[in-house]
Structures are given as C-alpha cells and as structure tokens.
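The values are calculated or read from the model by the stated rules, or taken from the named source; none is laboratory data. For clarity, every value in this text was computed on a predicted model and none was experimentally measured. Cβ coordinates were reconstructed from backbone atoms using ideal geometry, including for glycine residues, and neighbour counts include every protein chain displayed. Keep in mind that these areas ignore ligands, DNA and RNA; they rest on the heavy atoms of the full protein, side chains included. Shrake-Rupley method; radii C 1.70, N 1.55, O 1.52, S 1.80 Å.
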Amino acid sequence: MDLLITVSFIDELWHEQIKFSHGFLRDILQPSFGSYFYWLVLLSAFVYSLEVIFPWRRNQKRIRKDFFLDSFYMFFNMFIIHFLGFKFISSFSEKSFRELLEFVNMGWLLGDRLINLPIILHLLVLFMLRDFIQWWIHRLLHKSDTLWEFHKVHHSVEEMGYAAHLRYHWVETVIYNSLQFIPLGVLGFTLNEYLSVFIISILIGHLNHANIRLPLGPLKYLFNNPQMHIWHHTKGLPKQFEKGCNFGLSLSCWDYLFGTAYIPEDGQENKLGFKGLKDFPKNFLSQILYGFGKKKADRK
Ligand SMILES: [Zn+2]
Ligand SMILES: [Zn+2]
C-alpha cells in the first residue's frame, strides 16, 4: 500500500516535471510577454549595454575573462538544469513537507492566509521572504566546508561581469530550491507569482555583478549593489570575514542587520577569488565535478 502511494506520488511529480519542461520549450518557440527565456535575454542585453557604455573598471575588456564560460553557465543553470529535473526535486521537497505536516496533524499551517493581501503586497512579501531565506542559505554555503567546495565555482570569477551572477554549481540549485520552496510553497504562492519575483531578482543579481558603479545613496542599506557585492568576491578579507561578508542576494539590509556588511573602501580594483584559485579547474565539466572530491576547505 505504502509502496503504491509512493509510486503514484513520484508519478505525479514526474508528470509535473514533464509539463514544466514542455512549458520551457513553448517559452522559447513561442515568444510572449510571459516568456521567461526572452526576459533573461532582454535583461542580459540591457545590463551588458550598461557595462559597455558606463564601465566601472575601464581597463577590463568588454569580452572579459570567462565571458563565454559564464554565458554558458547562465543558460545551463537557468534552463538545462530545470529541464533535466529541477522541478521534480523542488516539488518533491515541498510536497513531502506538506505531507509531513498533515501527518503530524499540523495541516492547519498549510492555509493560504497571505492570499487575501493585495497583489503588490503579496509579491513584496514573497520577494522579501525569498531573499531572506536565500541570505541564510548563502551564509550556509560559506560556513559549511563541504558546501563551500561547491560554492567555490561562483567565487572562481576573476573578472566581474553581469553573467558571473549565474556561474554556480548545479548543487546550489538543488539546495536553494529545495530549502526555499518548502516555506514559500507552504505559504501558498503560485508559480507565476514566483516567476515574476524571480525576474526582478535576476535583474538585481545581474546588476550586482556588472562592471558598473551604481550609487544608490541611502537605498544602499536596502538594496545590494556592485560596490558591495565586489567585496563578497574579494580575496584575502580580514580574519573576522574569513568565511564571507555581504551575503545578500537582492537586498543588503540583512547584512546590515546581522553585522555581516563590509565595504571598507571603493573595491574597484580588488583581487577576486580565493586562496588556491590557480589550482581550481578552468572548464565547465571539471568545475561541476569538483566538490564531489575529498578536498578540505582552506580559506586562510
Ligand atoms: Zn558566496
Ligand atoms: Zn556573486
């Protein structure tokens, strides 16, 4: 009996995955306003033109080091991995969590209480909650020696540009999506709402990694920005920030609130990476296999 339930559960999730993958294909073949693929292309072209017209580091080439590698990562992490089964994994964690809550008679937590909020407020709650959860996950990627080995892919960027935003190991997709879909799914957000917030966070993430200066005035205490995020990628930080600083993805307020913000000066020419970067694999395949080895983290 239990086995039958498990099989139908997996079957249901698998069908969801197939539907999701077909949706992605349709997105590419039939461009529309809601076409996520074309949003990514449009936002990337917009932020790249800002880099070309208003470069922060003027001596950095337009086609910077690893430009094509990062562009490939962008499409791999945004599309191919989703196509290969990410939806299956995130639905699995969300649905298992829902079933667990019902099993322990806590199904009342699964209400759609936020659904009554005006849509803008609803999206704002989703945006802030998602970013806060991601902030904690990002901290975890730095604190845990095992996870740091995977997160090194993102920190192996030596010259920053917008596409570096989406250079990360696929294991991060699994961790971020499994952990964030549990609370978000339970609160009753739809996939469309999630995607609209996702597009905004892609724009902010692209800007944070871009070779541009973005003076935000007092808004810098709320939004992450390139002058702040460059310190997150900087090599040789003081001991206090040996395991990272400026963990914010879209918002910077969490770092200011929790004392992890660090912007001692203009970081325009900072050396990026981590100790031992010269021995880190240089190509996509070796990088995505890296992290499964037995190496121990050494960040000093
Ligand atoms: Zn990081
Ligand atoms: Zn980054």
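What's the number of the condition residue 230 fails, among (1) touching a Lys or Arg at 6+ places or on another chain (Cβ under 7 Å); (2) open to solvent by less than 20 Å² (accessible area, probe 1.4 Å); (3) farther than 19 Å from residue 147 by Cα?
The number of the failed condition is (1).
Do we have any residue at all in segment 179-187 that's within 16 Å of ligand 2 (Cβ to nearest atom), in a helix (DSSP H, G or I) and at pLDDT below 95?
For segment 179-187, residues within 16 Å of ligand 2 (Cβ to nearest atom), in a helix (DSSP H, G or I) and at pLDDT below 95: absent.
Tell me, yes or no, whether segment 200-216 has at least one residue that is at pLDDT below 95, outside any loop (DSSP other than H, G, I, E, B), under 24 Å from residue 60 (Cα atoms) and more than 16 Å from ligand 1 (Cβ to nearest atom).
Checking segment 200-216: at least one residue is at pLDDT below 95, outside any loop (DSSP other than H, G, I, E, B), under 24 Å from residue 60 (Cα atoms) and more than 16 Å from ligand 1 (Cβ to nearest atom).
Are any residues in segment 229-241 within 13 Å of ligand 1 (Cβ to nearest atom) and either assigned to a loop (DSSP other than H, G, I, E, B) or of a type in the set (Lys, Arg) (or both), and if so, which ones?
233, 235, 237
Residue 176 - would you say it is of a type outside the set (Val, Ile, Thr) and away from ligand 1 (no atom under 15 Å from the Cβ)?
Criteria not met by residue 176.
Residues being over 13 Å from the mean Cα position of the chain (by Cα) and either at pLDDT 95 or above or within 12 Å of ligand 1 (Cβ to nearest atom) (or both): count how many of those fall in segment 127-143.
Going through segment 127-143 one residue at a time, the tally reaches 3.
State which residue pairs qualify: first residue over 18 Å from residue 219 (Cβ atoms) and inside segment 254-274, second residue surrounded by 13 or more Cβ atoms within 10 Å (Cβ to Cβ) and among the hydroxyl-bearing types (Ser, Thr, Tyr) in any location, beta carbons under 6 Å apart, and separation of 6 or more residues or different chains.
Hits for this filter: 270/234.
Look through segment 149-168, keep the residues that are within 10 Å of ligand 2 (Cβ to nearest atom) and within 20 Å of residue 43 (Cβ to Cβ), and return whichever of them is surrounded by the most Cβ atoms within 10 Å (Cβ to Cβ).
164
Could you grab me the full set of residues in segment 37-51 that are closer than 15 Å to residue 205 by Cβ and among the hydroxyl-bearing types (Ser, Thr, Tyr)?
44, 48
Of all residues in segment 58-81, which are crowded, with 17+ Cβ neighbours inside 10 Å and among the basic types (Lys, Arg)?
Answer for segment 58-81, where residues must be crowded, with 17+ Cβ neighbours inside 10 Å and among the basic types (Lys, Arg): just 64.
State all residues of segment 248-259 that are touching a Gly at 6+ places or on another chain (Cβ under 8 Å) and either among the charged types (D, E, K, R) or open to solvent by less than 10 Å² (accessible area, probe 1.4 Å) (or both); if no residue qualifies, say none.
Those that are touching a Gly at 6+ places or on another chain (Cβ under 8 Å) and either among the charged types (D, E, K, R) or open to solvent by less than 10 Å² (accessible area, probe 1.4 Å) (or both): 250, 255.
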